[in-house]
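Engineer: Please read through the structure below; I'll follow up with questions.
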Amino acid sequence: MAQRFGGKFSLTPQDSPSKTRPAPAPSASRDQRRAGMLGLSALAFLIPAFWGDPRQLVLSLAAGGVLLAAAWTTREGLRAAEAFAARKVARRPALPRKALGAILTGGALFLGGLAQHPAGAAMTFLNPALFALAGLGLHLMAFGLDPMRDKGATGIDSFQTDRVARAVDEAEAHLTAMKDAILRAGDRQLEGRVNRFADTARQLFRSVEADPGDLTAARKFLSVYLLGARDATVKFADLYAQNRSTQARADYEALLDDLETTFASRTTALLAGGHTDLDVEISVLRDRLKYET
């Protein structure tokens, strides 16, 4: 098997395998790709639109546009549902996007059906209505409904949960900005390195979501440290894209190593603190039971 050459005089110095192996880039899920195919099906309305009368043109273009909106809404709903499933504690989506996508799909098929029937024809609305119901049902069968209930929120103060949700959303925005910025460096290894740090940071997010009381201890990690990491990534990416400085790259990788170690240590400390609190609660409860008996 061919192996890429690397060495002292290569354009990209060859590092150890553990450092050069990039993390797998996040890809769209199978359901998200299917939602993309739903958007492509809008061509079935858009292309023939220009071979009919003005009424068919307007209705077909409207059907194609609504179907594109349905595909985009469904894709966003799938992303929200996957994020909901990944978190231990999560609120149901405020807007049921998958259900809205199903309604839009039915509306697109209704408009498309109307376009195929001349004005004034008998039973003009019956077939389009049947198409709409079929599209609505098939969409729900293919993509399902949005989460309808909060997850893991029983016994947790809703005010605290909302504070954690806002803090995690802000932290996720910083991670997204880091990933976008490192793309300008044009280095797949660095992109993988940032992805690995993001995975470590998200472990801290999940720990805070599981115990909102840990937010105070982790707030500076979710805001100050990630904000600094984002700014450092932006400056490094711009500098590295210009001069490919090996020293700047080494300094940036060292920063990511320090951040990853610090975040992992904080996550471990929070988990250990939660176990200690549980031991205290169990001990107090046992003492009370002994006193009652």
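Engineer: Enumerate the calculated ³J(HN,Hα) couplings along the range 41-56 in order (Karplus 6.51 cos²θ - 1.76 cosθ + 1.60, θ = phi - 60°), each rounded to whole Hz, writing x wherever the residue is Gly or Pro.
Structural biologist: These are the phi-based 3J(HN,Hα) values: 5, 4, 4, 5, 9, 6, 5, x, 4, 8, 10, x, 7, x, 4, 5 Hz.
Engineer: Return the tail of the calculated pair distribution for the range 30-143, meaning the percent of Cα-Cα pairs more than 21 Å apart.
Structural biologist: The calculated P(r) of the range 30-143 puts 40 percent of pairs beyond 21 Å.
Engineer: Can you figure out the FRET efficiency of Ala254 with Ala94, using R₀ = 45 Å and their beta-carbon distance, to the nearest 0.05?
Structural biologist: For Ala254 and Ala94, the calculated efficiency is 0.65.
Engineer: Okay, next question. When a footprinting reagent is the concern and you count Cβ atoms within 10 Å, what order do Met178, Met148 take, fewest first?
Structural biologist: Met148, Met178
Engineer: Next question, about the same structure. Give me Ile182, Ile47 sorted ascending by neighbouring Cβ count inside 10 Å, so fewest comes first.
Structural biologist: Ile47, Ile182
We did not get these values from a lab; they are worked out from the coordinates using the rules stated. Note that this is a predicted model, so its numbers are computed, not measured. A quick note on method: Cβ atoms are made from the backbone with ideal geometry, for glycine too, and the neighbour counts reach across all protein chains shown.
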